[in-house]
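The values are calculated or read from the model by the stated rules, or taken from the named source; none is laboratory data. Worth saying up front: this structure is predicted, and the values here are computed from it rather than measured. All Cβ positions, glycine included, derive from the backbone under ideal geometry; neighbour counts span all protein chains shown.
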């Protein structure tokens, strides 16, 4: 499908551009000013937390033609929204988009509830003509990761108390073994330490 351009804005906000199409993932206005950014052809939303579903950010990049692909807890807001549950697949502009599981196993809020319960949010696998990109969403290492297809580029979260420790991030990455890897959704990062612990076949791009 040609060259894939990647821009990481911070937090879980990413722009993927291919064949002139702009795909924004979880745009979040507190980490990036979207005014002046190219309009969105597609906006992917992993779940409905304010730092992933941010209407202020949307207002800067959406047009009447913008398509949204969202999780079940976002739901169908209007005709532009396609709702995918875990393990559901759709195709947009020749790109296969699969919603995969993304959830907490251990991480809970003070009331004892998981921050991200199973079956609520999505990760996504985008297939760009055989080049597969995995956007994990807010998740811990989960058994379903071993069932992913061969991933070329992965985005994995790394922050407490919501997602993964450094050790869990490395565990998930070494299980998936993407060719290229970004840590995202992090508060701090020790790139040299992570690189020492990652499988040597993985290129950390941070």
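Odds and ends about this structure:
- Selection of region 182-206 for residues being within 21 Å of residue 105 (Cβ to Cβ) and within 15 Å of the chain's Cα centre (by Cα) yields 183, 184, 185, 186.
- Filtered residues of region 134-162 (kept if more than 26 Å from residue 5 (Cα to Cα) and not in a helix (DSSP H, G or I)): 140, 141, 142, 160, 161, 162
- Restricted to strands (runs of 3 or more DSSP E) entirely inside region 78-122, those with at least 2 residues that are under 19 Å from residue 138 (Cα atoms) are 95-102.
- Selection from region 1-21 of residues that are surrounded by 15 or more Cβ atoms within 10 Å (Cβ to Cβ) and under 15 Å from the mean Cα position of the chain (by Cα): 6, 8, 9, 11, 12, 13, 14, 15, 16, 17
- With respect to the conditions (1) free of Cβ contacts under 8 Å to residues at least 12 places away in the same chain; (2) touching a strand residue (DSSP E or B) at 6+ places or on another chain (Cβ under 7 Å), residue 180 falls short on a single one, namely (1).
- Tabulated pairs, region 188-206, first assigned to a strand (DSSP E or B), second surrounded by 13 or more Cβ atoms within 10 Å (Cβ to Cβ), C-beta under 7 angstrom, 6+ apart or interchain: 203/179; 203/180; 203/181; 204/181; 204/194; 204/195; 204/198
- Members of region 83-114 found to be crowded, with 17+ Cβ neighbours inside 10 Å and either modelled with pLDDT of 95 or more or under 17 Å from residue 26 (Cα atoms) (or both), listed by number: 83, 84, 86, 95, 97, 98, 99, 100, 101, 102, 103
- Residue selected from region 22-70 under the condition in a loop (DSSP other than H, G, I, E, B) and within 12 Å of the chain's Cα centre (by Cα), by the criterion farthest from residue 123 (Cα to Cα): 27
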